[in-house]
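Here, each number is a calculation from the coordinates, and none is a lab measurement. Since the model is a prediction, treat every value here as computed from it, not as a measurement. Glycine gets a Cβ as well: all are built from the backbone with ideal geometry, and neighbour counts include every protein chain shown.
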Amino acid sequence: FDLLLVPRPLLRSTICGCTFSHYTLNYTPNLALLPIDVHVSGEHIQAAKAFLELNGLSYSVLIEDLQVLLEEEKREMIASRTEERNTRIFSYAIYHTVEEVKSTYNSTLRLYITSLMPYKHFKSTGGNNRPANWINFGIHSREWIGPATGLWFANKLASEYGKDPSVTSLLDKMDIYLELVTNPDGYYFTHNENRMWRKTRAKYSGNLCIGVDPNRNFDANFAGPGASSNSCSETYHGPSVNSEKEVKAIVDFVKGHGNFKVFIDMHSYSQLLLFPYGYTSTKAKDHDELNALSKVSTTALRSLYGTPYVYGPILTTIYQSSGSSIDWAYDSGIKYAFCFELRDTGRYGFLLPAKQIIPTAEETYLGLMKILEHARDNPY
Ligand SMILES: [Zn+2]
């Protein structure tokens, strides 16, 4: 990929199903007027531009050469990891591999946080089935800011307990489960093969392409509008509900626990705070409360560095999607179901520079705490 084109302003219906070069856009028409970011490989740039111009679609170039950013990221990672190794101090300001996430938990954070499953789920405190909050990171593997933010949260929560009154009262009443690397095979693949990989790495016989979009694989209007039946699509819903082990692990765990009050799925990028529904335009029955809470949360988030966030139901805010995690969580009875789309709005996209990790984590923490405190103070 070499170039990112952003047609704007744009009704998605205009380009629904259109194919230029070998790239198919599979968006479902809706009312959103947000721009769409499209990656085009170098050899197809001229054809893509001609297609857009022929169809009267305006566009601007967001990233001239993605390869340059990819190489810069790689160089930076090598340098910062060498420094980390030399100083022997774990750095929250750099991106880490699955193995590094796992080992920091086994050493540093073990004192505070009980590891439930090897590097997959981490639980804040003891007690059986107390009211709990679920937060997963990196279900889409290229969204590296997710796991990096999750690591920072874990350390923050663990170190503030007993100091910060809000964190202390939260953890005295509720548990927090963090799944830091929700799509480990995909995450490994982004570190070693293809930085822009989004899906799982599952192979199914008869499928032309590898991988399933785990955020279309949940039991929420599965295989409905806003999910693709084409295995090569970035939004392929998979052969059946919960076919992905990453998805089934969450579903089994959350259901088995039975007392989750908050379910948050952390993604990037776009700076959005979304809540149900994605599969229907019908308002969620708690729409007003979720909308008001989103406002409080995004206001707190913005207060630190001025980062603007848009909020609302998935379908009316971005696009229709079936089989998403938060729709499933909400329909399973978890009222406070949210999806964050973290920084930025496309300047760097998935390749958010590591120097933005801590600012992103700090601001998101403020927004996140508003949701967790609300759940603590409004038991149901
Ligand atoms: Zn995502």
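Fewest Cβ neighbours within 10 Å first, please rank Asp219, Asp288, Asp213 accordingly.
Details: Asp219 15, Asp288 10, Asp213 23.
Ordered from fewest to most neighbouring Cβ atoms within 10 Å, Asp219, Asp288, Asp213 come out as Asp288, Asp219, Asp213.
Test of understanding: what is the full-extension gain from Ile358 to Glu99, defined as 0.36 nm times their sequence separation minus their Cα-Cα distance?
On the way: separation 259, 0.36 × 259 = 93.24 nm, distance 2.06 nm.
Additional length available on full extension: 91.2 nm.
Taking 7 Å along the Cα-to-C-beta vector as the label spot, tell me the Glu160-Lys295 distance in nanometres, rounded to one decimal.
2.4 nm
Please give the contour-minus-distance gain from Thr87 to Ala50: 0.36 nm per residue of separation, less the Cα-Cα distance, rounded to one decimal in nm. Walk me through the numbers on the way to the answer.
On the way: separation 37, 0.36 × 37 = 13.32 nm, distance 5.19 nm.
My answer for the length gained is 8.1 nm.
Taking H placed 1.01 Å from N in the peptide plane, check which residues at least 5 places from Tyr311 or on another chain put their amide H under 5 Å from its amide H.
Leu273
Extension gain Glu193-Gln67, at 0.36 nm per residue separation less the Cα-Cα distance, in nm?
Length difference between fully extended and current span is 44.0 nm.
Per residue of region 339-344, what does 6.51 cos²θ - 1.76 cosθ + 1.60 with θ = phi - 60° give for ³J(HN,Hα)? Whole Hz please, x for Gly and Pro, Karplus curve as stated.
For region 339-344, the Karplus curve yields 10, 8, 10, 6, 4, 10 Hz.
Kindly put Arg347, Arg75 in sequence by how many other C-beta atoms sit within 10 Å of each C-beta, fewest to most. Numbers along the way, then the final one.
On the way: Arg347 13, Arg75 10.
Ascending number of Cβ neighbours within 10 Å: Arg75, Arg347.
Residue by residue, what Karplus-based ³J(HN,Hα) values in Hz, rounded to whole numbers, does region 41-52 have, using 6.51, -1.76 and 1.60 with θ = phi - 60° and x for Gly and Pro?
So the Karplus estimates, Gly and Pro as x, are 6, x, 5, 10, 4, 4, 5, 5, 4, 5, 4, 5 Hz.
Given the peptides 82-95, 60-73, arrange them by the average over their residues of other C-beta atoms within 10 Å, most packed first.
Working: 82-95: 13.1, 60-73: 14.9.
Those peptides, ordered most packed to least, come out 60-73, 82-95.
Please list, in chain and number order, the residues 5+ apart from Tyr279 or on another chain whose amide H is under 5 Å from its amide H, with Hs placed from the backbone.
Ser321
Under the rule of at least 5 residues apart or a separate chain, name every residue whose amide H is placed under 5 Å from the amide H of Ala227.
Residues meeting the criterion, in which the H sits 1.01 Å from N, are Ser322.
Sort Tyr177, Tyr348 so that the residue with the fewest other Cβ atoms within 10 Å of its own Cβ comes first and the one with the most comes last. Please report the intermediate quantities before stating the final value.
Details: Tyr177 21, Tyr348 18.
Fewest to most other Cβ atoms nearby, the residues stand as Tyr348, Tyr177.
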